[in-house]
1. Can you say what percent of the DSSP beta bridges in the chain, counting only those with both residues inside, are antiparallel? Round to 5.
2. With r defined as the distance between the Cβ atoms of residue 298 and residue 102 and R0 fixed at 60 Å, what FRET efficiency is calculated, to the nearest 0.05?
3. For the pair residue 369/residue 152, report the inter-label distance in nm, with labels modelled 7 Å from Cα in the Cβ direction.
4. What relative contact order, as a whole-number percentage, does segment 55-100 give when Cα pairs under 8 Å and 6 or more residues apart are counted?
5. Per 0.36 nm of contour for each residue apart, how much would the distance between residue 183 and residue 35 grow if the chain were fully extended, relative to their Cα-Cα spacing?
6. Using 7 Å Cα-to-Cβ label points, what is the residue 345/residue 279 separation (nm, one decimal)?
7. So what is Rg over Rh here for segment 235-390, counting just Cα atoms and using Kirkwood for Rh?
8. Tell me the carbon and sulfur percent of the accessible area for the chain, rounded to whole percent, probe radius 1.4 Å.
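The values are calculated or read from the model by the stated rules, or taken from the named source; none is laboratory data. It should be emphasised that the depicted structure is a prediction, and the values quoted were computed from it without experimental measurement. We place every Cβ from the backbone using ideal geometry, glycine too, and count neighbours over all the protein chains shown. Calculation scope for accessible area: heavy atoms of the full protein, side chains included, ligands and nucleic acids excluded. Shrake-Rupley method; radii C 1.70, N 1.55, O 1.52, S 1.80 Å.
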Amino acid sequence: MSNIIKKPEILAPIRNWASLEACKNYANAVYFGCADLSMRARSNNIKLSELNRFVKKCHRYNIRAYLALNSVIYNGDIEKVEKIIKAAKKAQVDALIVWDPAVIGLAKKHKMEFHISTQANISNWKSAKFYQDLGASRLILAREITLKQIKEIISKVDIKIETFVHGAMCMAISGRCILSASLYNKSANCGSCAQPCREKWIIKSENGKILDIYGKYFFSSKDLCMIEHIDKLIKAGISAFKIEGRRRDPKYIEITSKCYREAVDAYYNNEYSQSKILNWKNNLINVYNRGFTTGFYFGDPKKEGITFDHTDNVSLIKKLYIGKALHYFTKAKVATIRLSHRGIKIGDKITFDGNKTYFDQIIKSLEIENKPFKVGKKGEEAAIKVDKRVRKNDNVYIYQ
């Protein structure tokens, strides 16, 4: 077993093509679902018909592409899974993220590299060794084990270990929740979680007595954030740091992948400092989050890991919708925007966010009906100079 500590891979989540643009300068790899079969059924995902083009773009950016096939597989899904795996092999997907034995068997049949999903709930070195012997090239450990337990697993196996370092936590073990299926007939394990854990709950007796349990949202976990402990995770020998968030917008994906990229690089450059940690954490607080916890890394998170008084985004920076792009003039590099929800002005930094578009733009010029203005008002159609291509119906936002 190797004692050499190699620089961990930063693994970013992908919702759509724009997500790739958001993390292309920071991530070593991305993971994504296929629109035909995904644990994030409500995400846009990557269509099977565009898989080849998407993977090629990842590789052009020197980013590895991992396709997640880790939902529950029923009899009727097996043929579909094999079709997806064949397409993944043809597209040169770098690895599949799996856990169902049927999918593992198909991955081996088609000689595809595979990683074992956190859905397998690997919590001990014996299980890790089992999957290693089965031919996996990487294990994504359960999120409910401590750093001490992770170190012990690493010491007893000879396989790459991946762990989550940031993003939403599930109240159930490694995402194996049946609450959504029981209450709403929407299976979390098939990608359709209705998130009942984010609702208000009370405990009420038969005679109407209500038990006050710290607050209202006692199932809702805070988000994982390990930016303050990257040095410990690297020293433990973890091979890949995974960011959760395949349903998050590109801004979240950009900021999280950038912060963890900088933190890992800073450690290897002997520049990992408290002042930098505070700056990274401030940046992470300013994108979508439910408050932060270190999860199970240092023991049971107890009630400190629950967002009792709220359940949604606590960031003070809000994403405000401006309107949609109407047209892009290639030669002039000008985009027209319908200001349907709010106005803009010279100096504003706006964000173009579409299925394949993502970039920030500082407004340096602004025209209304071919005349220069400093301010564009709600309801008007504004033309601005842009640095990159804009597509019709791309959404336009401002963060304040």
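1. 55
2. For R0 = 60 Å, the calculated efficiency reads 0.95.
3. Once both label points are built, they end up 7.5 nm from each other.
4. Averaging sequence separation for qualifying contacts and normalising by length gives 57 percent for segment 55-100.
5. 50.8 nm
6. 2.9
7. Ratio of gyration radius to Kirkwood radius for segment 235-390: 1.08.
8. Of the solvent-accessible surface of the chain, carbon and sulfur hold 50 percent.
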